[in-house]
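Contents: one structure, followed by commentary.
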């Protein structure tokens, strides 16, 4: 069971928006930066969002992140078939001596 | 920036495995290197890190006493050694560079299979 809680799956039609939630507690999301990763089958994860809402160079602005209290959200707007992948949130947990923690992952399906 | 990991390994239960992660394209001594694993069909699991000068390491509680994280500046390579392997350790092991409290570049992964 993961320290951070994500929905197992979300889906939407092309062009629409999906929102992926990541729920934690004050010891992790509430007091640490959240990052988000995209992973295709057979490939390594790729950084999408860091420091809650910043995008690395090359990441489209269709991907956006936010944090409020002990929860974080990844929005994918103008959904494309190429966005079908698994998405993971991550942060640090002060109760675990600043250990890294991940969400269980969310599979995005484009209908 | 590249992190190139060693190849797949097959080990018997009770033995150890050492995975390498060779870095290039950036100043190796400026960054922490983390290790993350992913069991078949499962999510990502953080294992620990070695700091920029190699003098400090931190491992997730479940791996403490069983994992050794090191790095060699001369070869710009980080290493993860896991001992007392069981079938539950069968997974893809990734190294990743830390930047801004996130993992901005990842190795391609190294499959470790544990089977008698």
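Laboratory data are not the source of any read-out in this text; all were calculated from the coordinates shown. Remember, predicted model here, so these are calculated numbers, not experimental data. Neighbour counts run over all protein chains shown; Cβ positions are idealised from the backbone, glycine included.
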Checklist entry - Is one or more of the residues making up the stretch A:94-101 over 11 Å from the mean Cα position of the chain (by Cα), under 23 Å from residue B:49 (Cβ atoms) and assigned to a loop (DSSP other than H, G, I, E, B)? => result yes
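Just to be sure before I move on: is residue B:70 under 11 Å from the mean Cα position of the chain (by Cα) and surrounded by fewer than 17 Cβ atoms within 10 Å (Cβ to Cβ) in the structure I sent? Explain how you work it out, then say what you get.
Values: under 11 Å from the mean Cα position of the chain (by Cα): yes; surrounded by fewer than 17 Cβ atoms within 10 Å (Cβ to Cβ): yes.
Here the answer is yes, as residue B:70 does meet what is asked.
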Checklist outcome for this item: Only unsatisfied item for residue A:44, checking (1) farther than 18 Å from residue B:104 by Cβ; (2) surrounded by 19 or more Cβ atoms within 10 Å (Cβ to Cβ), is (1)
Item to check | Selection from the stretch B:28-49 of residues that are free of Cβ contacts under 8 Å to residues at least 60 places away in the same chain, more than 8 Å from chain A (Cβ to nearest Cβ) and part of a loop (DSSP other than H, G, I, E, B) | outcome: B:39, B:40, B:41, B:42
Item to check | Of the criteria (1) in contact (Cβ under 8 Å) with a residue 40 or more places away in the chain; (2) closer than 30 Å to residue A:9 by Cβ, which one residue B:12 fails | outcome: (2)
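Residue A:74 - would you say it is closer than 15 Å to residue A:107 by Cα, more than 13 Å from the chain's Cα centre (by Cα) and buried (at least 17 other Cβ atoms within 10 Å of the Cβ)?
On the way: closer than 15 Å to residue A:107 by Cα: yes; more than 13 Å from the chain's Cα centre (by Cα): no; buried (at least 17 other Cβ atoms within 10 Å of the Cβ): yes.
The answer is no for residue A:74.
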Checklist entry - Got a number for residues in the stretch A:92-111 being buried (at least 20 other Cβ atoms within 10 Å of the Cβ) and either more than 8 Å from chain B (Cβ to nearest Cβ) or at positive phi (or both)? => result 3
Item to check | Residue check, residue B:78 surrounded by 14 or more Cβ atoms within 10 Å (Cβ to Cβ) and more than 23 Å from residue A:2 (Cα to Cα) | outcome: yes
